[in-house]
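Structure record follows, encoded as structure tokens.
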Amino acid sequence: MPGLDESVLNLEQRTRSLAAASAGTHDVVVIGAGATGAGAALDAVGRGLSVVLIEAGDLAAGTSSRSGKVLHGGLRYLEQLNFSLVNAALHERNLTLTKLAPFLATPEPFTYPLTHHWERPYIGAGVALYDAMTLIGKGVPHHRHFTKKGVLAQAPALDPDKIVGGIRYYDVRIDDARHSMMLARTAAGLGARVITRARVVAVLKDGDRVSGVTIEDTLTGARHDISARVVVNATGVWAAELQKMAGRQTFRVQPAKGVHVVVRKSALDSRTGILARAEDSVIIIRKWGDYWLLGTTDTPYNGDLAAPRTEPAEIDYLLRNINKYLRMKITRDDILGTFAGLRPLLAPVADDPHATSALSRDHSVLPGPGGLITIVGGKYTTYRAMAADAIDATAAVLRRPIPPSASEELPVIGTDGWVATRNREARIAAEFGLETAAVDRLVHRYGALTDEVLSPAREDRRLAEPVAGAPSYLAAECRYAVTHEGALSLQDVLARRTHVSVETPDGGAEAAPAVAEIIASHLGWDAEERSAAVKDYREWIRAERAAI
């Protein structure tokens with residue numbers, strides 16, 4: 001339809017995309033709309049291919065909204081001598097920061113506290129190599145050594161009886177859920193068909209060759225066949241199951257569970273994040289807006305792939321390991337929220353399933369059966385390179401040359417003009433009666449789309465007011481989540497388009513009715529459906545927070 005902005009994701013767009021996807025044969029169907037799947041859809045459409053992106057739940061509902069929210073090369077991988085992974089990840093980190101999503105990515109300082117003098121040359125050499133792999137002038141400052149006095153000035157929370165010095169280095173913080181969603185929106189704006197709440201129930205075959213998938217629309221129960229020349233399996237921890245559905249199983253995925261907790265700002269007196277050794281890996285506490293984010297665990301997981309939950313022992317592990325370095329201890333009373341995610345680690349059958357921290361973080365592109373390409377493994381930071389490799393592999397299946405990847409030149413929507421928007425923050429604040437700091441937070445969520453988010457508040461000033469029970473977010477943001485960002489439930493809005501679920505002491509239970517009222521008309525909910533949505537959300541958040 002002429003005049004439509006195809007990057008807008010909502011119920012109306014979903015209906016159009018489903019109809020278009022069910023007609024004809026497409027070059028590529030991508031299954032899974034986390035960072036890698038959304039990145040693959042963007043990469044493919046950027047090469048001129050016709051693309052459908054299918055997701056069983058919400059955009060980034062799995063691992064890609066439950067990461068450590070830091071783009072990094074992986075200092076600890078240097079100890080494993082995995083220089084190629086670190087080098088590639090640092091390239092991708094800097095590319096996202098400087099070109100692809102600069103408004104969503106922010107350089108973040110971290111301090112490595114030294115507890116023995118002999119650590120300085122050893123850790124210092126690793127951090128120096130980490131910096132050396134990064135091109136100068138890319139927006140991330142290089143590392144710096146501190147004496148004991150200097151490191152305590154940076155991080156007074158550290159225990160002076162344990163610390164002999166420290167080294168500060170930088171990585172990049174990113175809002176993973178919003179970034180993945182914007183990758184999908186960017187792909188849609190270039191012509192990809194994006195369909196969420198569409199579960200793959202069968203793989204179509206033409207002889208021995210995969211020729212598409214059958215999906216079930218979980219909103220209506222209807223089933224649709226979607227034909228494709230290539231199916232890209234980017235389903236993360238479900239990748240082996242989808243390959244098996246296609247008639248072959250050549251690998252297994254060992255999910256590794258990573259748990260994070262959100263801690264109130266007052267619990268840690270520090271100007272930097274802290275990275276330190278834990279019992280079996282590393283522990284990191286980093287800034288997350290007006291909070292701290294502490295993680296992560298790294299343990300094998302054999303439970304429900306759709307609902308990993310934090311256990312009390314995992315919180316104990318995180319607190320025990322960070323508190324070894326702190327003067328004032330963080331307690332459970334300081335915890336606001338928690339989330340658990342699953343890393344899809346590729347493992348040969350003979351591997352020890354209890355050694356997830358040693359499994360490879362490199363990714364693999366696995367062809368087969370014919371017509372199916374699987375991309376698995378890797379880490380959030382390298383999503384773009386993983387996606388490009390997966391689409392490179394489709395050329396052999398398509399049996400024709402395809403243009404090289406252009407994804408290094410395809411910034412997410414909201415990037416173009418975002419600096420100009422940031423420079424107008426004071427004017428925007430004055431127009432809508434907001435604090436400049438509140439507008440700055442909006443610009444770092446929406447970039448140049450901030451005006452679009454706030455525009456309806458010109459007609460309805462209530463949209464420029466904070467959400468009851470979630471004062472860090474405006475009513476306009478909740479509305480925009482369903483009118484432009486593809487949110488279809490309270491969980492989508494409160495856990496992924498915003499982060500109310502982990503940033504408020506009640507997980508958004510109080511905010512849920514107000515948000516339901518804001519979004520109900522846009523989702524076609526009547527009063528009964530609105531009440532049911534609030535009840536469902538509160539039950540979900542109770543289960544998520546049971547370990548606290």
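A few remarks follow.
- Convex hull volume per residue for region 409-454, taking Cα atoms only, in Å³: 58 Å³
- Label-point separation, residue 532 to residue 4 (7 Å along Cα→Cβ), nm: 2.7 nm
- Packing rank of 185-198, 327-340, where each peptide gets the mean count of other beta carbons within 10 Å, highest leading: 185-198, 327-340
- Compactness of region 167-302 as Cα Rg over 2.2 N^0.38 Å, two decimals: 1.46
- In the context of the full set of protein chains, residues of region 186-239 present 39 Å² of accessible surface per residue (probe radius 1.4 Å, heavy atoms only).
- Cα-only radius of gyration and Dmax that characterise region 27-79, units Å: 13.9, 42
- The fraction of accessible area contributed by carbon and sulfur in the chain is 53 percent, rounded to a whole number (1.4 Å probe; ligands and nucleic acids excluded).
- DSSP beta bridge pairing in the chain, given as percent antiparallel to the nearest 5: 75 percent
- Surface per residue (accessible, 1.4 Å probe) for region 442-518, Å²: 30 Å²
- Compactness ratio for the chain: Cα radius of gyration over 2.2 N^0.38 Å (N = residue count) comes to 0.95.
- Normalising by residue count, region 281-338 has a Cα convex hull of 105 Å³ per residue.
- Kirkwood hydrodynamic radius over Cα pairs of region 403-548, then Stokes diffusion coefficient at 20 °C and 1.002 mPa s, in µm²/s: 132 µm²/s
- Region 43-108: projected area of the alpha-carbon convex hull, averaged over directions, in nm²: 6.4 nm²
- Legend: Rg and Dmax of region 370-456, from Cα coordinates, 19.6, 59 Å.
- Accessible surface for region 33-118, divided over its residues, is 28 Å² per residue with a 1.4 Å probe.
- Restricting region 391-479 to trypsin sites (Lys or Arg not before Pro) that sit in a DSSP loop and have at most 10 other Cβ atoms within 10 Å of their own Cβ leaves 399.
- The chain: relative contact order in percent, alpha carbon pairs under 8 Å with at least 6 residues between: 19 percent
- Ratio of the Cα radius of gyration of region 61-199 to 2.2 N^0.38 Å, where N counts its residues: 1.27
- In this simple spin-label approximation, residue 252 and residue 431 carry label points 7 Å from Cα along the Cα→Cβ vector, and these lie 5.8 nm apart.
- Think of it as helices only: each DSSP H run of n ≥ 4 in the chain is worth -39500 (n - 2.57), and spread over all residues that comes to -10000 deg cm²/dmol at 222 nm.
- Region 432-442 - phi-based ³J(HN,Hα) in whole Hz, Karplus 6.51/-1.76/1.60, Gly and Pro as x: 9, x, 10, 6, 4, 4, 5, 5, 4, 4, 4
- Principal semi-axes of the equivalent ellipsoid, √(5λ) from the alpha carbon gyration tensor of region 107-161, are 23, 15, 7 Å from largest down.
- Hydrodynamic estimate: the Kirkwood radius of region 1-101 over Cα pairs, inserted into Stokes-Einstein at 37 °C and 0.692 mPa s, corresponds to D of 204 µm²/s.
The values are calculated or read from the model by the stated rules, or taken from the named source; none is laboratory data. Fair warning: this is a prediction, and the values are worked out from it, not measured in the lab. Ideal geometry is used to build each Cβ from the backbone, glycine not excepted, and the neighbour counts take in all protein chains shown. Note: areas computed on protein heavy atoms with side chains; ligands, DNA, RNA excluded. Shrake-Rupley method; radii C 1.70, N 1.55, O 1.52, S 1.80 Å.
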